[in-house]
1. Using per-residue counts of other Cβ atoms within 10 Å, averaged over each peptide, order 55-61, 41-47, 65-71 from highest down.
2. Given a cut-off of under 8 Å on Cα pairs at least six residues apart, what relative contact order in percent is computed for the chain?
3. Report, ordered by chain and residue number, the lysines lying within cross-link reach of Lys107, taken as a straight Cα distance under 17 Å and ignoring same-chain residues fewer than 8 apart.
4. Only Lys, Arg, Asp and Glu count, each charged at its Cβ (+1, +1, -1, -1), so figure out the dipole size of the chain about its Cα centre, rounded to 20 debye.
5. At 7 Å along Cα-to-Cβ for each site, give me the label-to-label distance between Gln58 and Ser25 in nm.
6. Would you indicate which of (1) 28, 17, 15; (2) 22, 18, 11; (3) 29, 12, 11 is the value of semi-axes √(5λ) of the Cα gyration tensor in Å derived from the coordinates of this structure?
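Please treat every number below as a calculation from the coordinates, not as lab data. It should be emphasised that the depicted structure is a prediction, and the values quoted were computed from it without experimental measurement. Glycine gets a Cβ as well: all are built from the backbone with ideal geometry, and neighbour counts include every protein chain shown.
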Amino acid sequence: MIAHELRRDAATLESFKRNRLGWESHAHQLALAKQHINSIAVRLEKLKAIRNTAEPWQQQAIDAMIRAAVQLASRTEEAISHVNNNSRQLFDPAYTDNLNAIADNAK
């Protein structure tokens, strides 16, 4: 459920690249994505706690999820910082690259 909501948040953010929405819309959607990422992080912490008792293939899956979540959180924080500091530059390539990365990692 949370992963689905995060994918929806990411798709919405990615669509913002094509629309002339205000920075407030970007900030709101990024805040929603951050909430969902934080919820996923809580679940990943539980998986990390049992990782050593899991089968090797499960450990690999856990590691892959953690790498994706870290990348997702990092790109989301970068996007939030960009909106906070450069609210008039919503089509800046660095910002839109973060939106693309958020969408890719949310999948």
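1. Values: 55-61: 10.9, 41-47: 12.6, 65-71: 14.7.
Those peptides, ordered most packed to least, come out 65-71, 41-47, 55-61.
2. On the way: 91 pairs, mean separation 42.1, N = 107.
Once divided by the residue count of the chain, the mean separation gives 39 percent.
3. Excluding near neighbours in sequence, the set is Lys34.
4. Details: 14 positive and 12 negative charges, 32 e Å.
The dipole of the chain has a size of about 160 debye.
5. Rounded to a tenth, the inter-label distance reads 4.4 nm.
6. (3)
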